[in-house]
């Protein structure tokens with residue numbers, strides 16, 4: 001159960017991401033299940049929730065920027081929650097969230113580069 005105490009009238013925004021599909025390992029079932037439960041709980045206490053499942057870096061970056069903008073636009077009294085379920089790593093004192101194996105297609109800058117690509 002999730003409980004929240006928030007001043008009435010404050011804008012409440014949440015970004016909830018669950019990545020369970022990764023390369024070279026078995027899928028993780030919990031992240032996508034967890035984000036459904038967390039998202040529903042946050043909605044019940046008045047949050048506007050953006051929920052993403054198995055997204056790549058591009059989608060995660062776009063969602064984080066949009067989330068930050070919504071909070072900035074909402075003002076000083078706004079409340080924000082970020083929740084991530086999935087793999088992460090710590091490297092040289094920084095924490096990194098891992099994107100899903102599902103990738104967005106990259107735009108090619110030239111037909112020459114596209115024709116030289118090999119796929120395995």
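A few comments on the model shown:
- So residue 112, is it modelled with pLDDT under 95 and under 13 Å from the mean Cα position of the chain (by Cα): no
- Conditions (1) surrounded by 12 or more Cβ atoms within 10 Å (Cβ to Cβ); (2) in a loop (DSSP other than H, G, I, E, B); (3) at pLDDT below 95: number failed by residue 32: (2)
- Selection within region 1-26: residues that are more than 16 Å from the chain's Cα centre (by Cα) and either closer than 19 Å to residue 96 by Cα or modelled with pLDDT of 90 or more (or both). The member of this set that is surrounded by the fewest Cβ atoms within 10 Å (Cβ to Cβ) is 24.
- Residue within region 86-97 that is loosely packed, with under 13 Cβ neighbours inside 10 Å, at pLDDT below 90 and over 23 Å from residue 15 (Cβ atoms) present: no
- The residues of region 49-65 that are in a helix (DSSP H, G or I), surrounded by 13 or more Cβ atoms within 10 Å (Cβ to Cβ) and without any contact (Cβ under 8 Å) to a residue 40 or more places away in the chain amount to a single one, 62.
The values are calculated or read from the model by the stated rules, or taken from the named source; none is laboratory data. All of these numbers come straight from a predicted model, not from anything done at the bench. Note that each Cβ is placed from the backbone with ideal geometry, even for glycine, and that neighbours are counted across all protein chains shown.
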